[in-house]
Amino acid sequence: MSRKTRKVQCNFCGSSQYEERRIEYLYSYKGKYLLVPNTPVEVCLNCGMIYYDAAVLKKIERRFFAIQENNEKPDSYIQMPTAVFA
Ligand SMILES: [Zn+2]
């Protein structure tokens with residue numbers, strides 16, 4: 001199932017009150033990641049459900065693959081520490 005774009009009413013709670021926000025979106029594909037700060041989303045004010053614009057996701061996806069194929073350089077790299085649960 002793909003993510004739904006914004007509708008007049010929230011799919012979950014039926015509220016029609018949204019707020020535009022910018023979040024850090026983490027795109028992941030087959031174990032590769034692209035962190036996208038400043039991604040515009042709409043958030044349901046009632047239940048907190050986040051709605052992504054399909055065009056925004058497309059853009060992020062295109063950028064991700066361009067970077068994977070070395071056609072584009074990312075703005076920066078971050079290092080992510082990992083710790084195995086034991
Ligand atoms: Zn809602």
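The values are calculated or read from the model by the stated rules, or taken from the named source; none is laboratory data. It should be emphasised that the depicted structure is a prediction, and the values quoted were computed from it without experimental measurement. Here the Cβ is made from the backbone with ideal geometry for all residues, glycine too, and neighbour counts use every protein chain on show.
List of remarks:
- Among the criteria (1) within 16 Å of the ligand (Cβ to nearest atom); (2) outside any loop (DSSP other than H, G, I, E, B); (3) surrounded by 10 or more Cβ atoms within 10 Å (Cβ to Cβ), the one Glu19 does not fulfil is (3).
- Scan of region 22-39 for residues that are small (Gly, Ala, Ser) and part of a strand (DSSP E or B), ordered by number: Ser28
- Failed condition for Ile60, given (1) more than 12 Å from the chain's Cα centre (by Cα); (2) assigned to a helix (DSSP H, G or I): (1)
- Sole exception among (1) away from the ligand (no atom under 16 Å from the Cβ); (2) small (Gly, Ala, Ser); (3) surrounded by 12 or more Cβ atoms within 10 Å (Cβ to Cβ) for Ala55, by number: (3)
- Flag if Glu42 is assigned to a strand (DSSP E or B), within 16 Å of the ligand (Cβ to nearest atom) and in contact with a Phe, Trp or Tyr (Cβ under 8 Å, 6 or more places away or on another chain): yes
- Only residues that are acidic (Asp, Glu) and in contact with a helix residue (DSSP H, G or I) (Cβ under 6 Å, 6 or more places away or on another chain) were counted in region 31-86, giving 1.
- Being at pLDDT 95 or above and either more than 16 Å from the ligand (Cβ to nearest atom) or within 30 Å of Val8 (Cβ to Cβ) (or both) is true of Glu61.
- Any pair with Cβ under 7 angstrom, 6 or more apart, that starts in region 31-47 at a residue that is farther than 14 Å from Asp75 by Cα and free of Cβ contacts under 8 Å to residues at least 24 places away in the same chain and ends at one that is within 11 Å of the ligand (Cβ to nearest atom) and in a strand (DSSP E or B): Val41/Ile50; Val41/Tyr51
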